[in-house]
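Asks: Sharing a structure, written as structure tokens. Questions coming.
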Amino acid sequence: MLERNVGLSNYCFYKTGGLARFFARPLILEDLLEILSFARQNNLKYYVFGVGSNILFSDEPFEGIVITLKNLNKWIYFDGEYFYAGAGVLLDDFIKFTMNFGFSKIIYLSGIPGTIGGALYMNAGAFGVEIKDFVVDAEVLKENLEIQILKNSEISFSYRQTIGLVNNIVIAAKFKLEFLPRKFKSFKVRNTVIYKRNVKQPIEYPSCGSVFKRGPNYYAGALIEKCGLKGYSIGNCEVSTKHANFIINKGGATSFDIYRLILYIKEVVYKKYGITLEEEVKLIGFN
Ligand SMILES: Cc1cc2nc3c(=O)[nH]c(=O)nc-3n(C[C@H](O)[C@H](O)[C@H](O)COP(=O)(O)OP(=O)(O)OC[C@H]3O[C@@H](n4cnc5c(N)ncnc54)[C@H](O)[C@@H]3O)c2cc1C
């Protein structure tokens, strides 16, 4: 069940990162419990993730177990009132499934890469909606390996953050969607959403989407652009000329290149505006 010395660059969107001493891809809860018990017995740290669309793994080896949940609980179900999806289901697949039942605003999240687990943990959002708007509750595995159902309010969703999920692993989630009258054309809206994303984002290169969070009264991308950083590069990574809040891997970049560029952007923006940008991307293994 555990693989050794697995290159993390194959498992994250940035295509960078070092080795995981142990790597696992559980399919069902029992697998995951076994892996976590092994970690505990052997005093190994562990890190769970989805498909790695919002993660930068450092180039150093991860001395523990890295666990992708992208294969965990790959089922979707509708009971006539609520939708249910396992952690490993791709958010976009879930959205496509719900479209068979009508038009709900969840369609505005179309095209966001990532799993249901990752979407909940990050409170993924776009075009004015966030996953929190649709979640009833989440089934989570706590650190003590007990299962708990957390209601939407207990998850404490905020902008790209979920305090209630820290140290919890999302196993599955329950959703309630409000369907609007049929005059709304699901496939048309979905196509427009995806088109707009493709036009604005440098999807032809590996990236993690927006590197920095939006602030209370600023867009990180606008500040970075006004600092003249579009196109600025370190090693083989670059501030995208298409979208200043994206750092792209132009081929052969290392995580350290990307990390240095993140620090450089923060420094330049701070010097010009006195604002400390906060990373949206999860930095794993950096001190
Ligand atoms: C081209 C591009 C466009 C993007 N556009 C958007 C956008 O419009 N809006 C937006 O919000 N995001 C966007 N993102 C970022 C990213 O796709 C989302 O944050 C996504 O929800 C992450 O899902 P994931 O499965 O890849 O999570 P990962 O990147 O694998 O993990 C992200 C975090 O979630 C945690 N996590 C993952 N699964 C679980 C689980 N089951 N239980 C507990 N914790 C878990 C991880 O530990 C990590 O901290 C974009 C990314 C890219 C590459």
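Asks: Got at least one residue in the range 174-189 being of a type outside the set (Val, Ile, Thr) and within 11 Å of the ligand (Cβ to nearest atom)? Explain how you work it out, then say what you get.
Replies: Restricting attention to the range 174-189, the residues satisfying the condition of being of a type outside the set (Val, Ile, Thr) are 174-188.
Imposing the further condition that a residue be within 11 Å of the ligand (Cβ to nearest atom) reduces the set to none.
No, the range 174-189 contains no residue that is of a type outside the set (Val, Ile, Thr) and within 11 Å of the ligand (Cβ to nearest atom).
Asks: Evaluate the range 109-129: report whether one residue or more is in contact with a helix residue (DSSP H, G or I) (Cβ under 7 Å, 6 or more places away or on another chain), more than 10 Å from the ligand (Cβ to nearest atom), of a type outside the set (D, E, K, R) and more than 16 Å from Arg197 (Cβ to Cβ).
Replies: no
Asks: Now, a different point. Only one of Phe175, Phe212 is modelled with pLDDT of 95 or more, of a type outside the set (Lys, Arg) and in the same structural domain as Phe101 (by TED's automatic domain parsing); which? Step through it out loud before you land on a result.
Replies: Details: Phe212 fails: in the same structural domain as Phe101 (by TED's automatic domain parsing).
Being modelled with pLDDT of 95 or more, of a type outside the set (Lys, Arg) and in the same structural domain as Phe101 (by TED's automatic domain parsing) holds for just one of Phe175, Phe212, which is Phe175.
Asks: Sticking with this one: Can you name the residue in the range 79-92 that is touching a Phe, Trp or Tyr at 6+ places or on another chain (Cβ under 7 Å) and in a strand (DSSP E or B) and, of all such residues, is nearest to Pro181 (Cα to Cα)?
Replies: Phe83
Asks: For the range 195-229, give me each residue that is surrounded by 15 or more Cβ atoms within 10 Å (Cβ to Cβ) and among the aliphatic types (A, V, I, L, M).
Replies: The answer is Ile203, Val211, Ala220, Leu223, Ile224, Leu229.
Asks: Can I ask one more? Looking at Ile65, Ile95, Ile106 in this structure, which one is within 30 Å of Arg40 (Cβ to Cβ), outside any loop (DSSP other than H, G, I, E, B) and β-branched (Val, Ile, Thr)?
Replies: Numbers: Ile95 fails: within 30 Å of Arg40 (Cβ to Cβ); Ile106 fails: within 30 Å of Arg40 (Cβ to Cβ).
Checking each option against the conditions leaves just Ile65.
Asks: Take the range 70-95 and flag every residue that is away from the ligand (no atom under 14 Å from the Cβ), in contact (Cβ under 8 Å) with a residue 40 or more places away in the chain and in contact with a helix residue (DSSP H, G or I) (Cβ under 8 Å, 6 or more places away or on another chain).
Replies: Across the range 70-95, the qualifying residue is only Phe83.
Asks: Also, I was wondering about something else. Can you name the number of the only condition in (1) away from the ligand (no atom under 13 Å from the Cβ); (2) touching a Pro at 6+ places or on another chain (Cβ under 9 Å); (3) charged (D, E, K, R) that Lys230 fails?
Replies: Here Lys230 clears every test but (2).
Asks: Look at the range 34-58 and say how many of its residues are farther than 20 Å from Ile112 by Cβ and either hydrophobic (A, V, I, L, M, F, W, C) or surrounded by fewer than 19 Cβ atoms within 10 Å (Cβ to Cβ) (or both). Spell out the reasoning first.
Replies: So in the range 34-58, the residues farther than 20 Å from Ile112 by Cβ come out as 34-47, 57-58.
Retained after the next criterion (residues that are either hydrophobic (A, V, I, L, M, F, W, C) or surrounded by fewer than 19 Cβ atoms within 10 Å (Cβ to Cβ) (or both)): 34-47, 57.
Within the range 34-58, residues that are farther than 20 Å from Ile112 by Cβ and either hydrophobic (A, V, I, L, M, F, W, C) or surrounded by fewer than 19 Cβ atoms within 10 Å (Cβ to Cβ) (or both) number 15.
Asks: Counting only residues that are touching a residue at least 12 places away in the same chain (Cβ under 8 Å) and polar (S, T, N, Q), which one in the range 150-178 is surrounded by the fewest Cβ atoms within 10 Å (Cβ to Cβ)?
Replies: Asn167
Asks: For the range 134-156, does any single residue satisfy the condition of being more than 12 Å from the ligand (Cβ to nearest atom), at pLDDT 95 or above and within 21 Å of Gly215 (Cα to Cα)?
Replies: Scanning the range 134-156, I find at least one residue that is more than 12 Å from the ligand (Cβ to nearest atom), at pLDDT 95 or above and within 21 Å of Gly215 (Cα to Cα), so the answer is yes.
The values are calculated or read from the model by the stated rules, or taken from the named source; none is laboratory data. Bear in mind the structure is a predicted one, so any value in this text is a computation, not a measurement. Neighbour counts run over all protein chains shown; Cβ positions are idealised from the backbone, glycine included.
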